[in-house]
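So the structure is just underneath, and the comments pick up after that.
Rule-based calculations on the coordinates, nothing more; no lab input. Predicted model, so just to flag it, every value in this text is computed and none were measured. Every residue, glycine as well, gets a Cβ built from its backbone with ideal geometry; the counts of neighbours run over all protein chains shown.
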Amino acid sequence: MQQPGKLDAKIPGGPLKDKWTKHKASLRLVSPANKKKLDIIVVGAGAAGGSAAASLAELGYNVKVFVFQDSPRRAHSIASQGGINASKNYKNDSDSDYRLFHDMLKGGDFRAREANVYRAAEISNNIIDQYVASGVPFARDYSGYLDNRSFGGVQVSRTFYAQGQTGQQCTLAAYQALSRQIKAGKVTMFSRRDVLELVLIDGKARGVIARNLLTGEIERHSAHAVVFATGGFGTVYYLSTLAINSNGSAALAAYKKGAFMANPSMAQIHPTCLPVLNDYQSKLTLMSESLRNDGRIWVSSKKGDKRNPLDIPENERDYYLERRYPAFGNLVPRDVASRAAKERCDAGYGAGETGLSVYLDFKDAIKDQGEEVIGNKYGTLFDLYRKITGINPYKEPMKIYPASHYTMGGLWVDYNLMTTIPGLYALGEANFSDHGANRLGASSLMQCSGDGYFILPVTIGDYLADEIKTPQIPTDGPEFEEAEKAVEGKLSKLMSVNGSQTVSSFHKKLGQILWTHSGMKRNEKGLKQALQEVAELQEEFWKDVKVPGKLEHLNHELEKAARVADFFDLAKLIITDALDRNESCGAHFREEYQTEDGEAQRDDDRYAYVSAWEFTDENKGPMLHKEKLVFETVTPTKRSYK
Amino acid sequence: MRRFLGSSLTKKLVVALAGLFLIVFLLVHLAINFLLLKSDPSVFNSAAEFMASNIVIKVFEVVLLLVFLVHILMSVILQIQNWMARPTQYKVGTRSKTSFFSKYMIYLGGIILIFLVLHFFHFFFIKIGWIEGDSDNFYALAHDLFKLPLYVSIYVISFVALSFHLNHAFQSAFQTIGFNHQKYTPTVKFLGVLYSILIPAGYIVIPLIIFLSE
Amino acid sequence: MKITLKIWRQESAQDKGGFVTYKMDDVSTEMTFPEMLDSLNEDLIKRNEVPFAFDSDCREGICGMCGLYINGRPNGPQEGVTTCQLNMSMFKDGDTITIEPWRAKAFPVIKDLVVDRTALDKLIQAGGFISAKTGAAPEANAIPVSKEESDIAFDAGVCIGCGTCVASCKNASAMLFISAKVSQFAVLPQGRVEAKERVQTMVAQMDALGFGNCTNTGACEAECPKEIKLSNIARMNREFYKAKIS
């Protein structure tokens, strides 16, 4: 394990653009004959896990894949809508690996590693090639060649898309590649399994404890290396754009076993989601950022204006993004757009009954380009909106509001995507990765796919090269025994509380605390209060939660309870991290640290580091380790989109 | 080859092609039936005589019989598989929008099959000498039968069933053989409905005229 | 509004199962269908009863996890939606809603409204992929694909694998499901290479898994939440015959 204070990111030397190539050449290899003898566990099968599992199996490793859904095709990468970035420069608008890298680094407010971000940009083109070859029907223009569109925080068109279902098409391509390997017998699929614990033997990740959700059976699974591609934990806010079962339990289990958690407070609140309408709501559906390509965002310039948007004349509309950020207009990055919407609504200009929404209007785009062109670009999204709200966006502006969406933070990984636990890798949204303090649109699919297809399959060999003499790991050792006991203990404890409040009611309260104090805007007082409230709520949970049903059974309430139990710990980590970072950067906006015109004020002298938190014990708080961010190529500048 | 014959899609293709063959045969048969409306029996009888003696037609008859049998057999096999594919039924019957008669094809087919057996008794079995009757004068036989209210009722019911059967079968056969085109499929569907009304109506009109003219 | 629910409850695959009637007095028309079910389950928990199980995940109509047979129609009375997108405004005060699990031999019931749809995964495993190895792909723009064909591929590719087509079909046939995948790859040049093999293995697998046969009733097309067209089935039929003849 890493020594405290000695986080080695293993960033290769040499010029930025040669690092990955040189690094690949220097990594050790495992021969095909030896790969056959090595087992790898992959948890999660979205764009990252699915592509990784398929690629590893293709290389010859024995792969075991775990998902909590009934099928690997359901991972929430499937809901990614707008697109996937690549620096192909098909539009001849002077795009390049460097520009993509620079946009991402700046978009992340200079809180990501240069080397990682550059690599992400460098392999972006291979990803598009791979997906096209796999049959992803990306949008094409009439020439038969691939089309692109723009996304937030960017001044070129580099986003490849398949209407509003790009994530679905890419994830299914990975799923299909995975299916091919299942058929070939190289991948064993374990669906409807919750991975609840990580097993370490001699400090190395050697297996997992999973609960079979259908039978309740606690299972032991071993491997030579373990890969977590378990997604983000944005559902900690209760209402989010994520699937309702998305969770952070596997990541938290890894954290508690010694993997550091990096930048947990960097949680993206996405500006274009459906607003909260009522108490029953279980989900805030995302309306793709791509809509901001052609849609204009506005509110009334009169406070508390309850008029029908169609009755508000042009001169009484405040296109506040265009007003505040003339250079990028409606295409400012997500954190900026979200805060701007919150600012207007808090000031009393919000739209709709609740005053907690803003308009996204396509009137001008339809006038310029015609309904058919707009329909071609956003048809599925418009239909989705109409189905949910009953409002036809071709005729009337959409109402949107920010919602919890993505966690830039996650398990700390080095350049090889290995966590601080040897043999445990984290991919995609589950790692803290390449997005710094804010992720730009269409770069998540890019990062997930890059991690899964092109990075992990190469870097994991360097670790496994030492394992070729390790026989299959037995699951009857004391480490497995102990881990299984811990899981059983936790689950029976949950069942035995038999209190009076439902799991969901706790989750809602937790979400409310976080949303209020650790959402788009934070301050020290609020964060301290939130930490206190979360601790109290957690205590109450373990005294008064009610979990019906049985252990040995399909029991959704028990699944939820185990997840919510972990959310308390994650929430505390988020808040602790937010309190530590006395600056504003990207999605992390501390009200104490802002410029006169309300923009984020970064503090590079004191906070140009990745916060990596180490679990100490249940009663003491986490311990902070700092990975200093060194910028060799780019000089961090003030991030301005004006 | 075994995989080809064993496949559900092949069975479906066979049903569809046999069905299309029978659809064409219906038209030919109807044309001859119209001769029954002539007051001179000899025209119909000589047509019948020709059908009975011509070697090409004889071969055709065997083919026709086989086509019928294959159509029926394959449909029954597929239907049994279809029943087995949902061992537990829904408690609330379907309210999905579907091609209406598609749900009753096997039953409609059953009614038509019963009629066919009757039909065989009266004509075909006389012709090959298995049962007694005047095999030289089918015209008289048909006219005699069409005077019986019971027979005419059975006849009409059977052809109404055929109409319903065809209503789905015509367009369905095209879909099964792989013909589905944005531009032409609506025309196929329209022709199918037209055919399913006109042909059985033609068959029904003949006994009705004979019956009512008595 | 007031609603009466008749929900299929079944302890396990072996259990016989039956309907249990629940009355709800305070259903908002703003709820989605699963939100309504959630709120009933919350009430059941508070009343010390065991909540019923139903699958649901993304709640935005894309993951395909949910899927209930509601009043004689998969995903209820609203057109072109998944169960999670179904609005309670589609129902009236005083309505009785009967909820059943998907019924098919290939989709055995696991518990209450939860069924096992791994058969759909097995169909994809049989050949619903292009064997493009990681790293072996040529430059993406090397092969132009006409917009028309690309759009056909996309329209077929939007299938979410929810099983509505099987649930709605009177024969519990998975033809729309496999034909969507066969079509998506049949129209793309990258998919043509394996087209013959793909259609044959997928159809053979469909037969082996106990799905029924297509009788062109059109129920699947009418109910598919992603509005996948019957023309895909015709295309698959053509592909199949072509593969067998050549």
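Among B:L30, B:L148, B:L108, the residue with the largest mean-square fluctuation in a Gaussian network model of chain B, with springs joining Cα atoms closer than 10 Å, is B:L148. So the label point goes 7 Å from the Cα of C:K23 along Cα→C-beta, right? Which residues of the stretch C:96-119 then have their backbone N under 17 Å from it? It comes to C:96-98, nothing else.
Using the alpha-carbon atoms, what tilt in degrees (0 to 90, nearest 10) does helix A:166-183 show relative to the longest principal axis of chain A? Between the helix axis and the principal axis of chain A, the angle is about 20 degrees. Under the criterion of Cα pairs below 8 Å and six or more residues apart, the relative contact order for chain A equals 21 percent.
Placing +1 on each Lys and Arg Cβ and -1 on each Asp and Glu Cβ, with no other charges, gives chain C a dipole about its Cα centre of roughly 1020 debye. When +1 charges are put on Lys and Arg Cβ atoms and -1 charges on Asp and Glu Cβ atoms, the dipole computed for the protein assembly as shown relative to its Cα centre reaches about 1460 debye. With no solvent and one point on each alpha carbon, what is the Debye value of log10 I(q)/I(0) for chain A at q = 0.11, 0.12 Å⁻¹? Here log10 of I(q) over I(0) equals -1.07, -1.29.
Using a cutoff of 8 angstrom between alpha carbon atoms and counting only pairs six or more residues apart, the relative contact order for chain B works out to 29 percent. Here the spin labels are modelled as points 7 Å beyond Cα on the Cα-Cβ line, and at A:K10 and A:Q532 they lie 4.4 nm apart. Computed with the Debye formula from one identical point scatterer per Cα of the stretch C:117-245, without solvent, the log10 of I(q)/I(0) at q = 0.12, 0.17, 0.18 Å⁻¹ comes to -0.43, -0.85, -0.95. Close lysine pairs were tallied over chain B: pairs 8 or more places apart or on different chains with Cα atoms under 20 Å apart number 8.
Quote the relative contact order of chain C in percent (integer), defining contacts as alpha-carbon pairs under 8 Å separated by 6+ residues.
Dividing the mean separation by the residue count of chain C yields 20 percent.
Here the stretch B:34-140 yields Rg over Rh of 1.15, to two decimals, using C-alpha coordinates and the Kirkwood radius. With the simple model of a label 7 Å out from the Cα in the direction of the Cβ, B:I209 to C:S12 spans 7.1 nm. Rounded to the nearest whole Hz, the Karplus-based 3J(HN,Hα) values (6.51 cos²θ - 1.76 cosθ + 1.60, θ = phi - 60°) of the stretch A:233-250 follow the sequence 10, x, 5, 4, 7, 6, 7, 7, 7, 7, 5, 5, 9, 4, 7, x, 5, 5, with x at glycine and proline. Per-residue mean of foreign Cβ neighbours for B:103-110 is 1 (Cβ atoms of other chains, 10 Å radius). Protection proxy ranking of B:50-62, A:217-229, by the mean of other Cβ atoms within 10 Å over each peptide's residues and highest first, is A:217-229, B:50-62.
Think of the protein assembly as shown as a dipole: +1 on every Lys or Arg Cβ, -1 on every Asp or Glu Cβ, centred on the Cα centre; then among C:C165, A:Y61, A:S443, A:Y61 lies furthest on the positive end. Around the Cα centre of chain B, unit charges on the Cβ atoms of Lys, Arg, Asp and Glu (plus for the first two, minus for the last two) sum to a dipole of about 1560 debye.
Applying the Kirkwood pairwise sum to the alpha-carbon positions of the stretch A:368-440 produces a hydrodynamic radius of 15.7 angstrom. Highest mean packing comes first when the peptides B:113-121, B:6-14, A:147-155 are listed by Cβ atoms within 10 Å, giving A:147-155, B:6-14, B:113-121.
Summarising the strand pairing of the stretch C:3-111, around 75 percent of its internal DSSP beta bridges are antiparallel.
Candidate cross-link partners of A:K17 among the lysines, defined by an alpha-carbon separation under 28 Å and a same-chain spacing of 8 or more, comprise A:K6, A:K88, A:K91, A:K106, A:K626, A:K628, A:K638, C:K133. With coordinates expressed along the principal axes, the C-alpha atoms belonging to the protein assembly as shown extend over 113, 74, 64 Å, beginning with the largest. Annotation for the stretch C:138-165 versus the stretch A:264-329: alpha-carbon center distance of 32 Å. What is the stretch A:270-405 by shape, rounded, prolate or oblate, if you read a ≥ b ≥ c off the alpha carbon gyration tensor as root eigenvalues and call it rounded for a/c under 1.5, prolate for a/b larger than b/c, and oblate otherwise? The shape class here is rounded.
Normalise the Debye intensity by I(0) for the stretch C:70-126, one equal point scatterer per Cα, no solvent, then take log10 at q = 0.28 Å⁻¹ and round to two decimals. Values, matching the q order: -1.15. A simple spin-label model places pseudo-atoms 7 Å from Cα toward Cβ; at A:E591 and A:N619 they are separated by 3.5 nm.
Fewest Cβ neighbours within 10 Å first, please rank A:K572, C:K111, C:K2 accordingly.
In increasing order of surrounding Cβ atoms, one gets C:K2, A:K572, C:K111.
Per residue of C:145-151, what is the mean number of Cβ atoms on other protein chains within 10 angstrom of that residue's Cβ?
6
Prolate is the label for chain C. Its Cα gyration tensor axes, ordered a ≥ b ≥ c, give a/c of at least 1.5 and a/b above b/c. Counting only Cα atoms, chain B measures 53, 40, 38 Å along its principal axes, largest extent leading. Highest average first, the peptides C:194-202, A:533-541, C:100-108 ordered by how many other beta carbon atoms sit within 10 Å of their residues are C:100-108, C:194-202, A:533-541.
With angles folded into 0 to 90 degrees, how steeply does helix A:97-107 sit against the dominant principal axis of chain A? Use alpha carbons for both and round to 10. Approximately 80 degrees, to the nearest 10. Helix A:334-346 and the long axis of chain A differ in direction by around 50°, with both axes built from C-alpha atoms.
Among bridges DSSP assigns within the protein assembly as shown, what percent are antiparallel (round to 5)? In the protein assembly as shown, DSSP labels about 70 percent of beta bridges as antiparallel.
Per-residue mean of foreign Cβ neighbours for C:181-187 is 2 (Cβ atoms of other chains, 10 Å radius).
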